[in-house]
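See structure below.
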Amino acid sequence: MPVIRYIILSLLIAGAASTHAQKSANHESPSRNRKWILPASSAAAAAISLAGLNSLWYAQYPRTSLRSFNDNHEWMQMDKVGHLFTCHQVAWAIHDAGIAAGYSRNASLLAGSLSTLGYMTTIELLDGHSAGWGFSWGDMAANVAGISLFTAQQLAWNDQRIQLRFSYSHSPYASLRPALLGRNFQQRLIKDYNAQTYWCSFNIHSFLASGAVFPKWLNVAIGYGATGMTRSEMNEIDVDNFQRSREYYFSFDADLNRIQWPRRWMKITARVISFIKIPGPTLEVRSDGKVRVHALFF
């Protein structure tokens, strides 16, 4: 269910940014005056979103006893990478909001990790009780992997040296299956896996010895995508069954959070949009053997 993932992600990152802004706007306010805002607002947002999700989505389908299903073969695992990406970003955003609200690093880390796991598990349980889906162990594994990537780095380095990014490039397949892949840009951004690329962006400077001469903001990124998908899985009788192919990318990226911005609003903006891959020269290698070099790929 990609729609709710990106809604949650956007809201939580925006919330983290607003908390940063609130902190900077009132330096003299005791942190304890802000501490209650984060759990109260997070709990309210979670309750409202789950109630809305239940009403607008699950209510359309019959309820069943809890059951699981295996969807690991669908969409060439693009949806699983999306789960990993989303959980990493959400855990990070909640952690940063906790730090800005005055909580300790350990408390913020626990809040980011456990609340993300709890929320996403609740959604999986709702899936498991819906006749239209089922509890996906593959989704849960991806959720745990995304949270673990964030948590392990905070414990080891108190830093996110390896970050996940997202990018979108228009694909021709959505127009063939608009009901499934999206009828407009907003829907296709969320639903068309052919157009999405997920990146693992490594900050080289943070792995080098102290004093090493290398730009602090320059990253190297490895991306994964897929193409030729007009439905979740291949079906030989489909006349529009294109040749599916995995796509692997090698590119440069920028860690906007490591740039010394002259204004606080610039720093906040950089944090909010840091989940987006910065366009750059890119090498593309496909599983069907095709190789392309892009002067600029997003």
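The values are calculated or read from the model by the stated rules, or taken from the named source; none is laboratory data. Quantities reported herein were computed from a predicted structural model and do not represent experimental measurements. Every residue, glycine as well, gets a Cβ built from its backbone with ideal geometry; the counts of neighbours run over all protein chains shown.
Worth pointing out:
- Breaking point among (1) surrounded by 18 or more Cβ atoms within 10 Å (Cβ to Cβ); (2) assigned to a helix (DSSP H, G or I), for Tyr103: (2)
- Residue selected from segment 51-85 under the condition buried (at least 16 other Cβ atoms within 10 Å of the Cβ) and closer than 30 Å to Ala100 by Cα, by the criterion nearest to the chain's Cα centre (by Cα): Phe85
- A Cβ distance below 7 Å, combined with a sequence gap of six or more or placement on separate chains, defines the contacts here; from segment 23-51, residues that are farther than 20 Å from Ala107 by Cβ reach residues that are at pLDDT below 75 and among the hydrophobic types (A, V, I, L, M, F, W, C) in the pairs Ser49/Ile8.
- Residue check, Gln186 of a type outside the set (Lys, Arg) and modelled with pLDDT under 90: yes
- Some residue of segment 284-293 being closer than 21 Å to Trp217 by Cα, of a type outside the set (Lys, Arg) and at pLDDT 95 or above: no
- Of the strands (runs of 3 or more DSSP E) lying entirely inside segment 244-298, those containing at least 2 residues that are out of contact with any helix residue (DSSP H, G or I) (no Cβ under 7 Å at 6 or more places or on another chain) and farther than 24 Å from Tyr173 by Cα span 245-254, 280-286.
- Residue match in segment 185-195 (condition: exposed (fewer than 15 other Cβ atoms within 10 Å of the Cβ), under 20 Å from the mean Cα position of the chain (by Cα) and outside the structural domain of Tyr119 (by TED's automatic domain parsing)): yes
- Filter pass, Phe242 being of a type in the set (Phe, Trp, Tyr) and closer than 19 Å to His73 by Cα: yes
- With respect to the conditions (1) of a type in the set (Ser, Thr, Tyr); (2) under 27 Å from Ile37 (Cβ atoms); (3) crowded, with 20+ Cβ neighbours inside 10 Å, Ser130 falls short on a single one, namely (2).
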